[in-house]
1. Taking Ala691 as the residue in question, decide whether it is in contact (Cβ under 8 Å) with a residue 40 or more places away in the chain, on the phi < 0 side of the Ramachandran plot and touching a helix residue (DSSP H, G or I) at 6+ places or on another chain (Cβ under 8 Å).
2. Could you check region 441-557 for helices (runs of 4 or more DSSP H) lying wholly inside it with 1 or more residues that are within 28 Å of Trp751 (Cβ to Cβ) and under 47 Å from the mean Cα position of the chain (by Cα)?
3. With the requirement that a residue be surrounded by 10 or more Cβ atoms within 10 Å (Cβ to Cβ) and polar (S, T, N, Q), what does region 456-474 give you?
4. Considering only region 607-620, I want to know if a residue exists there that is touching a Lys or Arg at 6+ places or on another chain (Cβ under 9 Å), at pLDDT 90 or above and surrounded by fewer than 23 Cβ atoms within 10 Å (Cβ to Cβ).
5. Would you check if there is a residue in region 667-677 being closer than 21 Å to Asp619 by Cα, without any contact (Cβ under 8 Å) to a residue 12 or more places away in the chain and charged (D, E, K, R)?
6. In region 727-753, which residue that is loosely packed, with under 12 Cβ neighbours inside 10 Å and among the basic types (Lys, Arg) is nearest to the chain's Cα centre (by Cα)?
7. Would you confirm, using the coordinates I've provided, whether Glu214 is modelled with pLDDT of 90 or more and out of contact with any Gly (no Cβ under 6 Å at 6 or more places or on another chain)?
Amino acid sequence: MDAMDKKWDVLGALRNSAQGKLRYERKWSPEVLTEVVPTLSPLAGRVLDLVQQRSQSSPDEEEQSRVSILSPLTSPRSPPLINCQDLIIGNRSGGSCIRRSDETIFVVSMPEDPAEIEAQIRSQEEMYKMRTKDLIIGNRSGGSCIRRCDETIFVVSMPEDPAEIEAQIRSQEEMYKMRTKVLLHQRCKRLEAAECAMQHQATQQFKRYEEELELEQRLEQERRKDELDKSLVEAQKKLEKIMEEHQDRTKVLNIRLHEAAEQHRREEEEERRRLAEGHERARRLNALQEEMLALNRRAQPSPPQPGTAATAAGAQSGALAQLAELRMRAGQLCDTVATAIRNSSDSGGFGPSPQDLAHAEQVLAEMRLLAVQVEALRLQEERRLEAEKGDAQRLARELQQQQHQQQQQQEQAEQQKRQQKEEEETRNTNQVGLQRTDSSILSWSKELQVKLDETMKNMDGLNSSKDPKIKAIKFELAKAVSTPVSQICSTSGSHLYDITGKLNSLLSSQTIEVGNRSISVSRHPQGLLYAQYKLGEKLVKQGEEEVASQHKAAFPIAAVAISLWDRHPALGELLLAHMHRKCPYTVPVFNLPTPGQNQEDFFRSLGYCYDGKTLEKQDLFLNRMSGMMRLYAAIIATPVPSPSMNKSHPHGLQYGWRWIAQMLNLEPVSDISATMLYDFLEVAGNAMERAYCSQFWKLLFFIIEEYLPRIEKVSSPAQMGSVSRLKLFVERCIARRVVPQASGYLSESFWKT
């Protein structure tokens, strides 16, 4: 409606403008057209073309053209549209008016809605029907309709009377006001309908919102319920875990209480033993004092006989002065022992200390030596007197006897010193542990080394032969041993059975196939010895290299070694000999340097390797030793795999107990002791715990309470890594009351695969 109002405003403005006051001429001439063209709109080109065509045509043609132009306006149907491609008049929000002579052209904006366009056309038709009654159709009348896009141009004849024009304008305004009311009413209805639709939509959306809110509340309640259930389950699990930990701590406390009671009992026994030893030392010290007093009495001079005083005074010599000094020294020694006895009475009932007893024994030995010297001087004095009497032969014989006795006394004193030293070493051993490996274990290890050397000597014919055929046999035997051993892995039990069977056939003098070649140890008299020697060496080398880099490889190698060891005991002895030679800590033994031994030989005896003149690095050395120790522990802990073999283990857990007991009795060595103990316990600890039960737990308590502090004393800060690893492992085992199974252990189900 606003656009229509603006159109009438435009018409009024045009009427008052210079263009609306154009001079009207009935007959257009080129001169008039030339005068008017500058004042026209540049968009009136099509209208000017029509005017020029009419001016050039005859009056009849003009009349017909006017009628043809006006006829569409008087038709009740929709007026035809003339497409003006080059004429665009005004815009959609307004219009323009061109007046030439008695014709006026209105440019009216057309809306875009087709229904509104149709309504406007019908209203215009009705209006023109009413107005054409008073119009004179002729040169003054006529009209045409021009439409371009959404704009329609009506060319109508306007009367010359201003009142009539005003009336038409007012009627047109009334018509548009009525139309505006109708459109406003329709718009209100549409707004009411839209408002109802919006209310309905809002109601539906509010319902959906309430449903979504209820859904979210239900989901939130379910989530909270799930969280509550989950927290309840977690609380129950925590409670169960706390109860389990409480039970474990109760067990550990019971064990510690039991151990404390055992410790108290041991302390009481130790105190009783110390009291008994103190009493024994006091008794021995009293006996020593009694013997010293007796020797002192013997050393004192006898009372002078009547009539001999002048002779004795005349016979005073240097020997008698020396004899007096010896007697004075004997008195001082007696005073020393008496002082020691008086001091021992204040020691709280434990008697004299071992140092006091040792000192008293040394004093007694010195006293005996003084007694011998006094006796010798006395005899010398007597011999001098006898010599003066002329009995030289008897004096010489007695002197010889005296020297013999003196020698016996010295030997006896030396023997007593040796006994004293041995007793002191025994006491130190009881206090701080053994200083060296048990003699029986050393003898057993030396016997294995002797057998290994004898085997090497017996193979000289095969090793040192220059014959190409014998060299080929030697190469084939080495290949027959190394190829199956290098294929050992934990793929399946049948795979290990195949490898064991092939090696057993080789050691049983049977023919086997290796690389499309038939090989047998019977091809050479020393072939069996060579195969056993190489097989033991190769198994140890696998532990030195493969087990050192992959710990779980120890168990399949150990299973093959035990299977062959049970059938061929000589192989087991050679295997142990190779292992003891490369890793002496599997004995265990800590070799000490011997007199005349150079540094290279000493380090080789400890297991180090020399590359030219360069000593092996410590981390590489420990890695190799760890691999061989793990293989040794796996051999001890792995049961005999095949049920057809003997059930008795050729080198079972009793050897493991002997090894760990001997290791704990030795003085710890930095790096080595902690590393070897950790490797052994991690591999064989589970089997030993199942076999020895409480005794094994006592062993772990001994390690954590007594042995680890001794290792820490001899370890530098840079060497505490192995000590910390051992300590953490033992503490975890004690806390959990279980020793974990080592990685790679072959269970019974493995042998069924």
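1. When the stated conditions are applied, Ala691 does not pass them.
2. Those helices (runs of 4 or more DSSP H) span 468-486, 493-507, 527-542.
3. If the condition is that a residue be surrounded by 10 or more Cβ atoms within 10 Å (Cβ to Cβ) and polar (S, T, N, Q), then Asn458, Asn463, Ser465 are the ones that fit.
4. Quick first cut of region 607-620, residues touching a Lys or Arg at 6+ places or on another chain (Cβ under 9 Å) only: 607, 609-610, 616.
Still in the running and at pLDDT 90 or above: none.
The answer is no; no qualifying residue exists.
5. Within region 667-677, the subset closer than 21 Å to Asp619 by Cα is 668-677.
Remaining after also requiring without any contact (Cβ under 8 Å) to a residue 12 or more places away in the chain: none.
Within region 667-677 (the criterion being closer than 21 Å to Asp619 by Cα, without any contact (Cβ under 8 Å) to a residue 12 or more places away in the chain and charged (D, E, K, R)), the answer is no, since none of the residues qualifies.
6. Residue satisfying both the conditions and the ranking: Arg736.
7. On the way: modelled with pLDDT of 90 or more: yes; out of contact with any Gly (no Cβ under 6 Å at 6 or more places or on another chain): yes.
Spelling it out, Glu214 is indeed modelled with pLDDT of 90 or more and out of contact with any Gly (no Cβ under 6 Å at 6 or more places or on another chain).
Matching residues to (1) of a type in the set (D, E, K, R); (2) touching a Leu at 6+ places or on another chain (Cβ under 8 Å); (3) over 25 Å from Phe621 (Cβ atoms); (4) without any contact (Cβ under 8 Å) to a residue 40 or more places away in the chain:
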{"position": "Ser490", "(1), (2), (3), (4)": "no, yes, yes, no"}
{"position": "Asp498", "(1), (2), (3), (4)": "yes, no, yes, yes"}
{"position": "Asn504", "(1), (2), (3), (4)": "no, yes, yes, no"}
{"position": "Leu528", "(1), (2), (3), (4)": "no, yes, yes, yes"}
{"position": "Ala561", "(1), (2), (3), (4)": "no, yes, no, no"}
{"position": "Leu564", "(1), (2), (3), (4)": "no, yes, yes, no"}
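The values are calculated or read from the model by the stated rules, or taken from the named source; none is laboratory data. All figures in this text were calculated on a predicted structure; none of them were measured in a lab. Neighbour counts are summed over all protein chains in view; Cβ atoms, including those assigned to glycine, are modelled from backbone coordinates with ideal geometry.
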